[in-house]
Amino acid sequence: MILDRNTPPAIHDAIEFDFKLPPLTTTTLANGLPLHWLNAGVQDVVEIDWIFPAGLWYEHKPAVAHATAGLLKNGTTKYTAEQINEALEFYGAQLKINAGNDNASVTLYSLTKHLPYLLPMVLEIITEATFPQDEVEIHKRNAIQRLLVNLRQCEFVANQRIDALLFGEAHPYGRFSKQEEIEALTREDLALFHKTNYNLANARIFMGGRVSQNDVDLINKIFGKVTLTPAEVKSDVFSAPAPAERVQRISNDPNAVQSAIRIGRVFPNRHHPDYTPMVVLNTIFGGYFGSRLMSNIREDKGYTYGIHSSLSPEFNGGSFVVHTETGRDVAELAVKEIYKEMELLCREPADEEELLLVKNYLLGNILGDLDGPFSILQRWRTLLLNGFTEDHFNNNINIYKTVTATQLQALANKYFNPQDYYEIVVV
């Protein structure tokens, strides 16, 4: 049969496709540690994540979570920081350690064939980090220098202040670094946090890429032989933030020509039934390049190079924030236009063409994610760490496909009341 190249192939909307999350296998290591893994992809590469309750939510002292994560691979009982970095470079691997609001992650990217050499070193880093005093001092000096430089930038200050207003400065989600807190950190603070919060007994391991049962057995051989000593990880109970002025203007640099705008409110996390439809509404409002905020404030008014709104779901709450930087002289005009776009979504339902475009955008991104092993692993990790199953993924797909303009208008009227928002302009 000869292909007729005069007839173009049929074009299908992403909304017409079926979506299936590739299966994840869960194996229990010999010592009881859970390993979640999937075999996907065509390249001999692998991502392995060790997830710990070691984010800001669990800090016993300000700034300790980031410092511990930053220094975890800077020396162990067997290896110096230089030896660790040389080994990673020799094998062409990456080891990233990050502390977020809730969890901390240790992530290894490597060719599968190098795992026998790298996994013992990763185990050493996780369990035997020593936090040498000279490395601690270097980290503190660098962290303070970065902070002082960042505090001169209006967007950095705006990010700090909006989180503090939404959650409170004493809350982990609203806390921001201060020079005196970094200076007060000691090696003993980091060692204590590491001992409690990077305890392997509290870890969950995720592995994805072109992996096999042999790689699972290797993980079990190295990490499954560790004797686990459970340790209770505690967090404080945090009260609501103290009342504050809803509208704030902050002068950070009298000579600045640019201002940073943040308009935000607290918003439920992924467990709330409004979260997933809000993803659709947020995309229309400011969640992608073709959003209403971009069309109005960037394309039509020319007030900014970019503007977006985002949902930030954490384990213990969340937020919805509009972010942009504008010229100093047009900042107040931009603020008015942001509220105007909120009002329009409350007053008039989105037309079907716009809604279909946004649905295809969201579902098209998911189709792209389901084509790569690391993206698939990320989706599974998010589900499991939040206590969800595959049914939650399927339900979200259904909402993306079926949510109506009328439902989104009702959602806008529920969450787009200007009186519920904190508004900050930093110049």
Nearest 5 percent is fine: what portion of the DSSP beta bridges confined to the chain is antiparallel?
85
Relative contact order for the range 277-392: what percent, with Cα pairs under 8 Å and sequence separation of 6 or more?
19
Selection from Val216, Thr112, Thr304 lying farthest towards where the dipole of the chain points positive, charges on Cβ
Val216
Take the Cα pairs of the range 25-223, get the Kirkwood Rh, then feed it into Stokes-Einstein at 20 °C and 1.002 mPa s and tell me D in µm²/s.
119
Label Glu299 and Ile2 with points 7 Å out from Cα along Cα→Cβ: what is the distance between them in nm?
4.3
Going Cα to Cα from Lys61, which aspartates and glutamates come in below 18 Å? Please leave out same-chain ones fewer than 8 positions away.
Asp102, Glu137, Glu169, Glu180, Glu181, Glu183, Glu188, Asp189, Glu232, Asp236
With r as the distance between the Cβ atoms of Glu128 and Ser235 and R0 = 35 Å, compute the FRET efficiency 1/(1 + (r/R0)^6) and round to 0.05.
0.85
Take peptides 170-181, 249-260 and line them up by average Cβ neighbours within 10 Å, highest first, as a rough protection proxy.
170-181, 249-260
Using 0.36 nm per residue, how much length does the chain from Phe176 to Glu89 gain when fully extended, once their Cα-Cα distance is taken away?
28.0 nm
Taking the Cβ of each residue in Lys195, Lys61 as the centre, tally the other Cβ atoms inside 10 Å and list the residues starting with the fewest.
Lys195, Lys61
Over 28 Å (Cα to Cα) among Lys78/Lys178; Lys178/Lys301; Lys20/Lys359 -> Lys78/Lys178; Lys178/Lys301
What residues qualify as long-range amide H neighbours of Gly55, i.e. H under 5 Å apart, gap of 5 or more or another chain, H built at 1.01 Å from N?
Asn103, Ala104
Only sites in a loop by DSSP and with at most 13 other Cβ atoms within 10 Å count here; which chymotrypsin sites (Phe, Trp or Tyr not before Pro) in the range 232-321 make the cut?
Phe289, Tyr305
In the range 25-223, with Lys and Arg counted as +1 and Asp and Glu as -1 at Cβ, which of these residues, Leu95, Leu192, Asn159, has the Cα nearest the positive end of the dipole, that is, farthest along it?
Asn159
State the Kirkwood hydrodynamic radius of the range 247-426 in Å, one decimal place, computed from all pairs of distinct Cα atoms.
17.4
Within a Cβ distance under 14 Å of Ala260, other residues only, what is the Lys/Arg minus Asp/Glu net charge?
-1
Please work out the Cα convex hull volume for the chain and give it in Å³ per residue.
187
So if each residue of separation counts as 0.36 nm, and I subtract the Cα-Cα distance between Ala81 and Ala184, what length gain in nm does that give?
34.8 nm
Could you let me know the centre-to-centre spacing of the range 1-75 and the range 294-363, using Cα atoms, in angstrom?
29
Name the residue from Tyr415, Gly368, Gln378 whose Cα lies farthest towards the positive end of the charge dipole of the chain, charges +1 on Cβ of Lys and Arg and -1 on Cβ of Asp and Glu.
Gln378
Cut-off 13 Å between beta-carbons: net charge of the residues surrounding Tyr303, Lys and Arg +1, Asp and Glu -1
-2
When only Cα pairs under 8 Å and 6 or more residues apart are kept, what is the percent relative contact order across the chain?
22
To the nearest 20 Debye, how big is the dipole of the range 247-426 about its Cα centre, given +1 on the beta carbon of each Lys and Arg and -1 on that of each Asp and Glu?
320
If you add up the charges near Glu325, with Lys and Arg at +1 and Asp and Glu at -1, over every other residue whose beta carbon is less than 12 angstrom from its beta carbon, what do you get?
+2
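Bear in mind that the values in this text are calculations on the coordinates, not laboratory data. All values derive from a computational prediction rather than experimental measurement. With ideal geometry, Cβ positions are generated from the backbone for all residues, glycine too; neighbour counts draw on all protein chains shown.
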